Amino acid sequence: MQVEKYKIDGFNNEALADHKRRFEFVAADVANVDDVLAKLEAFQIAIPSWALGTGGTRFGRFSGGGEPRSIEEKIEDVGVLHALNKSSGAISLHIPWDVPQNHQAIKTLAAQHGLVFDAMNSNTFQDQADAPESYKFGSLQHVDKAVRDQAIAHNIEVIKQGVLLGSKSLTVWLADGSSFPGQLNFRGAFERTLDSLKQIYAALPDDWKLYLEYKCYEPNFYSTTVADWGQSLLYVTKLGPKAYTLVDLGHHLPNANIEQIVSLLLMEGRLAGFHFNDSKYGDDDLTVGSINPYQLFLIFNELVEGMDARGMNHASDLGWMIDASHNLKDPIEDLLQSVQAIQIAYAQALIVDKAALQAAQKVSDVALAQEILQKAYRTDVRALVSEASLRAGGAIDPIGAYRKLAVRENLIKERGEKTVATGL
Ligand code: LRH
Ligand code: MN
């Protein structure tokens with residue numbers, strides 16, 4: 001299903017007057033409004049191929065209908081997202097959940113929807129029917145060399161797939177760890193994992209990056225072999241200049257100060273980018289900004305400050321990806337909400353009066369520093385995000401347009417009620 005431009009234009013025309021009033025109201029107070037709009041238009045967020053169907057938990061999965069049955073239909077659905085918000089111009093594939101049969105055809109189809117391929121994701125946390133070795137006790141850390149070699153070969157195969165699609169990075173997330181004291185020698189696990197990662201790193205093309213994603217627990221519940229930012233940073237520093245640490249917002253212990261982690265990884269030049277989502281307890285993979293939008297703003301505040309301090313290009317120098325699971329909401333609507341929450345946090349961070357904040361910090365004026373920060377956070381920037389979408393050819397209100405254009409109803413007519421997408 002494609003969302004035709006004329007239908008979006010029709011929808012926008014009805015909303016235009018109200019939007020223009022809101023936009024002029026907020027723009028009047030934003031000194032750098034054209035810079036903010038240009039940055040919002042350039043900012044593209046990659047959509048995970050494994051989150052276009054209904055997700056579930058071990059307790060149940062409640063399919064919503066019209067789910068994509070193939071990689072082609074997944075590209076179509078990301079195409080719908082991108083047509084509506086003009087900020088979802090990339091798809092991140094997970095292998096073997098989404099293996100292209102004809103890479104050139106897939107690349108062409110993606111380009112027709114204005115999409116490119118972002119980071120490739122390997123999977124050594126599930127056993128494949130035809131694989132001789134099991135990952136029950138880990139993959140790159142495994143005590144058995146045959147298992148490690150199988151996992152290394154898989155990652156190298158994923159790189160090859162990515163090269164054919166024009167991707168420039170490999171994300172490695174390892175479920176590896178232990179669930180009981182005594183099960184694992186931590187030093188041995190680290191050294192075997194590092195040695196395995198070195199072999200994968202050696203297979204990277206010159207212009208590729210390796211993103212090492214950390215996670216504090218699950219599916220192992222005593223230790224994880226890449227458990228936190230410090231461990232990931234240790235690995236990537238030992239691997240080389242093409243290795244970076246990827247921050248999944250849901251992979252931290254309760255009350256971790258993620259914005260401080262981001263600031264320091266940026267300072268070290270080792271921040272890969274993000275898997276955006278939100279959570280209240282564990283790795284809940286909820287809609288971005290649905291639980292703790294202030295934390296998301298504080299993270300973007302550190303990102304803008306840290307990237308500007310290093311003269312980085314906001315749009316292209318880090319990996320911007322969503323990693324969420326949709327147990328209750330329509331997957332496309334959930335992703336539209338997540339992309340919008342990211343754009344809102346980014347816009348709020350861009351309007352922080354940085355000179356005034358630095359001046360307040362220089363004299364330890366704590367109250368004033370908070371006032372400056374929260375002035376930006378309490379500014380309703382939604383009209384700026386809508387204006388950026390409108391100028392890029394998207395919808396003023398992507399979720400409103402998605403519903404008004406009955407996209408899901410049409411997908412169900414096309415694909416049926418009971419279709420199930422590959423992924424989590
Ligand atoms: C692990 C993770 C990782 C993906 C998986 C789908 O929790 O965040 O990024 O491989 O989810
Ligand atoms: Mn993730």
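Any idea which residue in the stretch 164-199 is farthest from the chain's Cα centre (by Cα), counting only those that are hydrophobic (A, V, I, L, M, F, W, C), crowded, with 21+ Cβ neighbours inside 10 Å and more than 27 Å from residue 103 (Cα to Cα)? Among them, the one singled out is 184. Across the stretch 142-170, the qualifying residues are those that are touching a Lys or Arg at 6+ places or on another chain (Cβ under 7 Å) and away from ligand 1 (no atom under 16 Å from the Cβ), and the one among them that is nearest to residue 273 (Cα to Cα) is 168. Within the stretch 236-262, residues that are more than 19 Å from residue 320 (Cβ to Cβ) and in contact (Cβ under 8 Å) with a residue 12 or more places away in the chain sit with their Cβ atoms under 9 Å from residues that are part of a helix (DSSP H, G or I) and acidic (Asp, Glu), at 6+ positions apart or across chains, in these pairs: 260/302. Among the residues of the stretch 85-112, those identified as surrounded by 17 or more Cβ atoms within 10 Å (Cβ to Cβ), in a helix (DSSP H, G or I) and in contact with an Asp or Glu (Cβ under 9 Å, 6 or more places away or on another chain) are 106, 109. Here residue 278 fulfils each of the conditions (1) within 16 Å of ligand 2 (Cβ to nearest atom); (2) out of contact with any strand residue (DSSP E or B) (no Cβ under 9 Å at 6 or more places or on another chain) apart from (2). Quick check on the stretch 262-270. Is at least one of its residues surrounded by 21 or more Cβ atoms within 10 Å (Cβ to Cβ) and over 22 Å from residue 177 (Cα atoms)? Yes - at least one qualifying residue is present in the stretch 262-270. Selection of the stretch 284-302 for residues being closer than 15 Å to residue 274 by Cβ and among the small types (Gly, Ala, Ser) yields only 289. Out of the residues in the stretch 269-313 that are within 15 Å of ligand 1 (Cβ to nearest atom) and among the small types (Gly, Ala, Ser), state the one that is farthest from residue 325 (Cα to Cα). It comes out as 272. Cβ separations smaller than 7 Å between residues 6+ apart or across chains give the following pairs from the stretch 134-161 residues that are under 17 Å from residue 224 (Cα atoms) and outside any helix (DSSP H, G or I) to residues that are acidic (Asp, Glu) and at pLDDT 95 or above: 135/127; 138/176; 139/176; 140/176; 141/176. Checking each residue of the stretch 203-214 against the condition of being within 16 Å of ligand 2 (Cβ to nearest atom), of a type in the set (Asp, Glu) and either in contact with a helix residue (DSSP H, G or I) (Cβ under 7 Å, 6 or more places away or on another chain) or within 30 Å of residue 374 (Cβ to Cβ) (or both) gives no match. In the stretch 55-77, the residues that are surrounded by 14 or more Cβ atoms within 10 Å (Cβ to Cβ) reach residues that are of a type in the set (Ser, Thr, Tyr) with C-beta atoms within less than 6 angstrom, at least six apart or across chains, in these pairs: 55/325; 63/54; 64/54; 67/419; 69/419; 74/49.
Residue-wise test of (1) free of Cβ contacts under 8 Å to residues at least 12 places away in the same chain; (2) assigned to a loop (DSSP other than H, G, I, E, B); (3) away from ligand 2 (no atom under 16 Å from the Cβ).
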{"position": "269", "(1), (2), (3)": "no, yes, yes"}
{"position": "284", "(1), (2), (3)": "no, yes, no"}
{"position": "291", "(1), (2), (3)": "no, yes, yes"}
{"position": "298", "(1), (2), (3)": "no, no, yes"}
{"position": "303", "(1), (2), (3)": "no, no, yes"}
{"position": "317", "(1), (2), (3)": "yes, yes, yes"}
{"position": "333", "(1), (2), (3)": "no, no, yes"}
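Checking each residue in the stretch 162-196 for being within 16 Å of ligand 2 (Cβ to nearest atom), in contact with a Pro (Cβ under 9 Å, 6 or more places away or on another chain) and not in a loop (DSSP other than H, G, I, E, B) picks out only 177.
The conditions of being modelled with pLDDT under 95, of a type in the set (A, V, I, L, M) and loosely packed, with under 14 Cβ neighbours inside 10 Å are met by residue 129.
The values are calculated or read from the model by the stated rules, or taken from the named source; none is laboratory data. Fair warning: this is a prediction, and the values are worked out from it, not measured in the lab. Using ideal geometry, Cβ is built from the backbone for each residue, glycine included, and neighbour counts are taken over all protein chains shown.
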